[in-house]
Amino acid sequence: MKVIMSEIKKEMEKQGIKQKVIGPEIGSKNLSNNLSGKEQMAFIPFVKLVNLIFKEEEGLILNYIKRFLDKTTRDENIRVALEWSIQTGHTDMLRTAIKKCKQIKGSAKNEKKKERDSKNETHKQLAKIYELFIKRNELNVERVDFFFKLEEIRNSTISRIEPEVLLKIGRLHYYSESGNYRGILDEVRFIETGNVTQNYLKDSFTLRVLEQKARALLKYENDYKGANDVLKEILTYDRDLYAFSIINALSLLAELNTLDNYDLANKYIVEAIRLSSKIKSSSSYARQERMLKSTHDFIQLYHGRFNNLYLTDPAENIFYLIKKGDKESFQEAIKLLNELELTNGILSPFQLYYKAIATGEKRYLIESQREFHRLGDFYYSRIPSSML
């Protein structure tokens, strides 16, 4: 660690960066002791420090953060690195943090055996939860299996507030993917992120809960003002430290405005894609970028526009053919919809809506509306409902 801090100190001197000026800016109470190696630096101030010093040199910044994570012996740093990695899309760093988390053992002389055992169990639980989050992000666990694995961890002894809150956040993800938006609104009332003492973890957990609350307010409650207020609150946080919460909030704001305000919807989804494109560290985040592009195309096509379409999603390609409006395009769209139904066994509510337009058959609008309602999505059910 001393080598790392010595290198950074030399670079600061080279650039004429004053410790007294930069310390408060990055949240370090005693930067002098940190740089000299007398006191180990906290993770988030270190991340801010290397970003400020090396600016746009992303490779160098990540290399320093990885070296710091490899060397740190502070338990709190490892726990914060877990959450920071998942918020910023650095899956390799997350795996490193998980490995270190598993190796943590209570060993302080003033710790009693009960305290050491509690610390060991807490970090084992955290490692399991974040491993499960990776599997979910990379589609390596089925939705129901994800829920049952969460419950397995929950049924073990939970010895700290952090794993307890994370398990509840995992349940929110399950509810969201199951269309149980009522369940989200019930669950968030009992998630006490304010009891988390570490500031970065408290803020990140809070943002993840707010994302899901806003989604439920939009989809289930049709509370557009409530959802908008929650999402705007998320946007007040640091875009570098909480990247995925910001991206998700921008995407939801785009959806919230999709049906009634093209300009705002387009503004938000373009910004979400711009931020997402900066994160290229794993296939799961590339998948999220594709979903954002699909949302972008839907917004454009729904409003009869063809601006900078990506057309990477088969469903939006079908919508594009329908919006072209000629007989041949309609026939091609119907053919592709039939192929999708044959492959998947069903059509999504959006695809049923597309089929209604292409065929002119009202029954597909009724089916689309019914499926949106079944999924708890009363927001997008407005689309087929408006045509009935």
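Return yes when Leu218 is crowded, with 17+ Cβ neighbours inside 10 Å, at pLDDT 95 or above, outside the structural domain of Gly304 (by TED's automatic domain parsing) and more than 20 Å from His373 (Cβ to Cβ) and no when it is not. Criteria not met by Leu218. Going through the range 7-43 one residue at a time, which ones are surrounded by 15 or more Cβ atoms within 10 Å (Cβ to Cβ) and either polar (S, T, N, Q) or within 24 Å of Ser277 (Cβ to Cβ) (or both)? Gln19, Ser28, Asn34, Gln40, listed by residue number.
For Asp238, the conditions (1) loosely packed, with under 15 Cβ neighbours inside 10 Å; (2) assigned to a helix (DSSP H, G or I) all hold with the exception of (2). Within the range 29-44, the set of residues being assigned to a loop (DSSP other than H, G, I, E, B), of a type outside the set (S, T, N, Q) and within 31 Å of the chain's Cα centre (by Cα) comprises Lys29, Met41, Ala42.
The numbered conditions (1) modelled with pLDDT under 95; (2) farther than 24 Å from Arg182 by Cα; (3) under 30 Å from the mean Cα position of the chain (by Cα) are all true for Gly360 except (3).
In the range 181-215, the qualifying residues are those that are surrounded by fewer than 22 Cβ atoms within 10 Å (Cβ to Cβ) and of a type in the set (Asp, Glu), and the one that is nearest to the chain's Cα centre (by Cα) is Asp203. Would you point out the residue of the range 223-282, among those that are under 16 Å from Gln300 (Cβ atoms) and of a type in the set (Val, Ile, Thr), that is farthest from the chain's Cα centre (by Cα)? Residue satisfying both the conditions and the ranking: Thr258.
When the residues of the range 249-287 are filtered to those that are at pLDDT 95 or above and polar (S, T, N, Q), which remaining residue is farthest from Glu57 (Cα to Cα)? Ranking the candidates gives Asn261 first. Residue count for the range 94-125 satisfying the condition of being modelled with pLDDT of 90 or more and within 10 Å of Asp75 (Cβ to Cβ): 2. Ser178: touching a residue at least 24 places away in the same chain (Cβ under 8 Å), surrounded by fewer than 19 Cβ atoms within 10 Å (Cβ to Cβ) and over 21 Å from Gln288 (Cβ atoms), yes or no? It is false that Ser178 is touching a residue at least 24 places away in the same chain (Cβ under 8 Å), surrounded by fewer than 19 Cβ atoms within 10 Å (Cβ to Cβ) and over 21 Å from Gln288 (Cβ atoms).
Scanning the range 165-187 for residues being closer than 21 Å to Lys202 by Cα and of a type in the set (D, E, K, R) gives a total of 4. Being in a helix (DSSP H, G or I) and not acidic (Asp, Glu) is a property that Gln87 has.
The values are calculated or read from the model by the stated rules, or taken from the named source; none is laboratory data. If you're wondering where the values come from, they're calculated on a predicted model, not measured in any experiment. Positions of Cβ are generated from backbone atoms using ideal geometry, with glycine treated the same way; all protein chains shown enter the neighbour counts.
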